[in-house]
1. When the accessible area of the chain is split by element with a 1.4 Å probe, what percent falls to carbon and sulfur?
2. Using only helices, what value at 222 nm comes out for the chain when you add -39,500 (n - 2.57) per DSSP H run of length 4 or more and divide by the total residues, to the nearest 500 deg cm²/dmol?
3. Between the stretch 117-150 and the stretch 43-66, how far is it from one alpha carbon centroid to the other, in angstrom?
4. Under a straight-distance cross-link criterion of Cα-Cα below 26 Å, which lysines are reachable from residue 12, leaving out those fewer than 8 residues away in the same chain?
5. Per residue of the stretch 113-118, in order, report the coupling 6.51 cos²θ - 1.76 cosθ + 1.60 (Karplus, θ = phi - 60°) as ³J(HN,Hα) in whole Hz, putting x for Gly and Pro.
6. When ligands, DNA and RNA are left out and all protein chains stay put, how many square angstrom of accessible area per residue does the chain have with a 1.4 Å probe?
7. Treating the angle as unsigned and between 0 and 90°, give the value, to the nearest 10°, between the Cα long axis of helix 2-20 and the longest Cα principal axis of the chain.
8. FRET efficiency for residue 42 and residue 72, Cβ-Cβ distance as r, R0 = 25 Å, nearest 0.05?
Amino acid sequence: QAGDRMTDAVLKKASDISAGVTVHGGNGTKIPYCSLGMIDFDGGPTVSAITAAKAGGIEWLTFCTGISSNKAKRLEADNRSSVCFCSENYNVTLTGFLQIITDQEVKKEMWYPPLSDHFSGTDDAEYCVLKFTTWSYNLLVDWRATRGRL
């Protein structure tokens, strides 16, 4: 049972971390970044820094980008992906898949002011949301590790 409590504690803290390193869940002092891994056009891995807009714990995350961006085009060919948040105290690595969301209500919900540097507003046809859904995780939080599937 001690292992189950430890796993639950790590999962809870990882969920809190994921929510806290997003634009909508963070403390607002800076724009947070994470690493997003995808499959490139030639079938190899590629990783880029991106800002997470919002998180539902470690179950899902959203990102804002352009519909014609390389990220959006890559996921049309292969939507498998991985997200990593890390610091000196944690490494939250999630594996799952991405989907493109163009629903106007979702776009409004995920919008944050710096996006206006790239898009005219939430109704800009180029603006879209990428939703990452987790199927497995590999977590190291406060030097306690766990891995599993959702």
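1. Reported share for carbon and sulfur atoms: 50 percent.
2. Taking each H run of at least 4 residues, the total per residue is -7000 deg cm²/dmol.
3. Result: 4 Å between the Cα centres.
4. Cα-Cα hits under 26 Å: 30, 54, 131.
5. With the stated coefficients, the stretch 113-118 comes to x, x, 5, 5, 6, 10 Hz.
6. On the way: 8000 Å² over 150 residues.
Normalised by residue count, the accessible surface of the chain is 53 Å².
7. With both axes taken from Cα atoms, the answer is about 20 degrees.
8. 0.90
The values are calculated or read from the model by the stated rules, or taken from the named source; none is laboratory data. Since the structure is predicted, the reported quantities are computational estimates derived from the model, not experimental observations. Cβ atoms come from the backbone with ideal geometry, glycine included; neighbour counts cover every protein chain shown. What goes into the accessible areas is simple: the full protein's heavy atoms, side chains included, and nothing from ligands, DNA or RNA. Shrake-Rupley method; radii C 1.70, N 1.55, O 1.52, S 1.80 Å.
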